Amino acid sequence: MSGRTRTAVIGGGMAGSAAAKKLIEAGRDVVIFEAADGLGGRARSWHRPEIEPDVGINLMYVSFYQQMTALIKEYGLEDELVKISSNVHISDDGDHVALSSDSPLSLLKYRHAPLRDRVAFLFTTLRQVRRKKELDLFDPVKSAPFDDGQSAADWGYRQVSRRGFDFLLRPQIEGFWNFASEEISAVHARALLAWMGGSGFYVLRNGMEVIAEKNAEGAELRLSHEVTGVQQIGDELLVTAARDGSEPVTESFDDVVIATPAPIAAKLVAGLPGSAVTDDTRAFLETQRYEPALSVSYLVDAGSLPAEAHIVAGGAADPPLRNMITYPRQVRDERGRLVDKLLVFTYPGRANTRRLIGLTPQEQFAAVTPLLTTLWPGFPATAEPFQIAERPYGFPIPAPGRYRRSVEVLRQMNAPVAFAGDYFNSPTTEAALLSGFRAAAVLTEAG
Ligand SMILES: Cc1cc2nc3c(=O)[nH]c(=O)nc-3n(C[C@H](O)[C@H](O)[C@H](O)COP(=O)(O)OP(=O)(O)OC[C@H]3O[C@@H](n4cnc5c(N)ncnc54)[C@H](O)[C@@H]3O)c2cc1C
């Protein structure tokens, strides 16, 4: 035995790995339990050798992510950053218009919303930009005072007409996260407006999971280990985990960070006493809801769609397909030559995602392929189904009032059990990192 404090981190996504990093720096022995066979969680890409670069999903890093910017520097990953376009094409029943978040000219030309709404939208945006320091997309402690119970839709419809909101702001919220603007706090919309303009969008060349892998260096990894419960006996925390369906094994720790999605965290701590997890915290974890995500990708010929485009359905309805994102790739043909292609990711709307999640990839492709022309009428019939990725816990929904509740739960959090995850703030890797750092601080400050 080393005599050093031994900490279990349950969940090796962005939040858990961030917590692990700080705990290791504080001199702890850290063991990460991760149910999947690699780190990164929802930020983990898939890799297919047939395409060049071989990476898929590959989440966006935005230049205003402060924690991640610092990590990219620390890990010397600046050369791995690949800039991508921030242009959004908004569809009104298949009719597309480009809208760039940092170009007033594109707003002027944007014909899906009346001119008075475009002007009002510009002024609304400028008002949020003035409050940039307080309207934080990642830190609930800063943004909670603005979380007055209004939904993003309630708030947005007060700034511009219904048409204006449904074709200017709603597609930019729902095109990224797929949750309904009626169900989320106005803070989320306001913070997005405050921060989006003028920011650069990037991906890390080989996938964002590299950040989680670097964060976890120095920790002992238990991959493919699903934790089934946490118990407390005296000062000891007992973590029980099963490896790939084999007999569960129980290990003893001094304290623990639980960095799984909230409903899983609620189940894991069901057997812990009120002194370790308050009733408020339990209720908070149990009531967080998620919008699932289904990423369905195709290969199409280069030139058949705009490259590096983010094509989003406008309007208030839950569309058959929510969005498409196109990335240039090269594929080797039968003679071994590299041919330019586009890798197109598409995400169904909410009802279709819920209906399709858990089906076989064949069933999912069969359901999604006929929908492709609803979003891009000229979508090529020769598109080749390529890869599917499911995220049952896709996007935690920041319901009105949730930021205020997050802050209360953060205040009550105490050793030996700390929680981390993007459900405290917004479904972004940056928010997950921040929550991981906070959870580690709760444990290290306690001793
Ligand atoms: C389709 C999609 C696209 C996105 N795009 C972007 C983007 O472009 N930019 C951006 O910043 N964010 C994006 N996000 C959001 C981002 O992925 C998340 O906010 C972030 O990755 C959440 O990290 P986390 O650590 O809180 O949770 P997770 O990544 O969910 O990590 C939790 C981990 O816990 C593990 N786990 C669960 N149960 C157990 C158990 N019982 N035992 C052990 N381990 C367990 C899971 O396997 C997982 O690895 C996107 C999300 C989705 C779904």
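The values are calculated or read from the model by the stated rules, or taken from the named source; none is laboratory data. Treat the numbers as computed from the prediction; the structure is a model and nothing was measured. So basically every Cβ, Gly included, is an ideal-geometry build from the backbone, and we count neighbours across all protein chains shown. Note: areas computed on protein heavy atoms with side chains; ligands, DNA, RNA excluded. Shrake-Rupley method; radii C 1.70, N 1.55, O 1.52, S 1.80 Å.
Laid out as a table, the results:
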item: One residue from 367, 313, 381 being without any contact (Cβ under 8 Å) to a residue 12 or more places away in the chain and over 18 Å from the mean Cα position of the chain (by Cα); result: 381
item: All strands (runs of 3 or more DSSP E) inside segment 328-435 with 1 or more residues being farther than 24 Å from residue 39 by Cβ and of a type in the set (Lys, Arg); result: 338-348
item: Conditions (1) within 13 Å of the ligand (Cβ to nearest atom); (2) outside any loop (DSSP other than H, G, I, E, B): number failed by residue 7; result: (1)
item: Whichever residue in segment 64-81 is in contact (Cβ under 8 Å) with a residue 60 or more places away in the chain and open to solvent by less than 50 Å² (accessible area, probe 1.4 Å) and, among such residues, is farthest from residue 215 (Cα to Cα); result: 64
item: Sole exception among (1) open to solvent by 60 Å² or more (accessible area, probe 1.4 Å); (2) over 26 Å from the mean Cα position of the chain (by Cα); (3) not acidic (Asp, Glu) for residue 238, by number; result: (1)
item: Filter result for residue 183 (under 18 Å from the mean Cα position of the chain (by Cα) and closer than 24 Å to residue 63 by Cα); result: no
item: Unmet requirement for residue 283, which otherwise passes all of (1) modelled with pLDDT under 95; (2) closer than 30 Å to residue 266 by Cβ; result: (1)
item: Members of segment 189-198 that are touching an Asp or Glu at 6+ places or on another chain (Cβ under 9 Å) and open to solvent by less than 10 Å² (accessible area, probe 1.4 Å); result: 191, 194
item: Residue in segment 245-258 that is within 10 Å of the ligand (Cβ to nearest atom) and open to solvent by less than 10 Å² (accessible area, probe 1.4 Å) present; result: yes
item: Conditions (1) modelled with pLDDT of 95 or more; (2) surrounded by 20 or more Cβ atoms within 10 Å (Cβ to Cβ); (3) farther than 16 Å from residue 51 by Cα; number of the one not met by residue 309; result: (1)
item: Considering residues of segment 391-426 that are near the ligand (Cβ under 9 Å from one of its atoms) and surrounded by fewer than 24 Cβ atoms within 10 Å (Cβ to Cβ) only, the residue farthest from residue 181 (Cα to Cα); result: 391
item: Residue within segment 246-257 that is closer than 19 Å to residue 430 by Cβ and at pLDDT 95 or above present; result: yes
item: Boolean, residue 332 is among the basic types (Lys, Arg) and modelled with pLDDT under 95; result: yes
item: Residue within segment 349-362 that is within 12 Å of the ligand (Cβ to nearest atom) and either modelled with pLDDT of 95 or more or under 22 Å from residue 139 (Cα atoms) (or both) present; result: yes
item: Those residues of segment 259-280 which are more than 15 Å from the ligand (Cβ to nearest atom) and open to solvent by 70 Å² or more (accessible area, probe 1.4 Å), in sequence order; result: 275, 279, 280
item: Residue check, residue 81 within 16 Å of the ligand (Cβ to nearest atom) and more than 24 Å from residue 329 (Cα to Cα); result: no
item: Some residue of segment 95-114 being open to solvent by 50 Å² or more (accessible area, probe 1.4 Å) and β-branched (Val, Ile, Thr); result: no
item: Failed item in (1) farther than 30 Å from residue 217 by Cβ; (2) touching a residue at least 60 places away in the same chain (Cβ under 8 Å); (3) away from the ligand (no atom under 16 Å from the Cβ), with residue 141 passing the rest; result: (1)
item: Sole residue being within 26 Å of residue 316 (Cβ to Cβ) and touching a residue at least 60 places away in the same chain (Cβ under 8 Å), chosen from 343, 356, 338; result: 356
item: Which listed residue is of a type in the set (S, T, N, Q) and in contact with a Lys or Arg (Cβ under 8 Å, 6 or more places away or on another chain), from 387, 412; result: 387
item: Looking only at segment 31-61, and only at residues there that are assigned to a strand (DSSP E or B) and open to solvent by less than 10 Å² (accessible area, probe 1.4 Å), the one that is nearest to the ligand (Cβ to nearest atom); result: 33
item: Among (1) assigned to a loop (DSSP other than H, G, I, E, B); (2) closer than 30 Å to residue 340 by Cβ; (3) not polar (S, T, N, Q), the one test that residue 97 misses; result: (1)
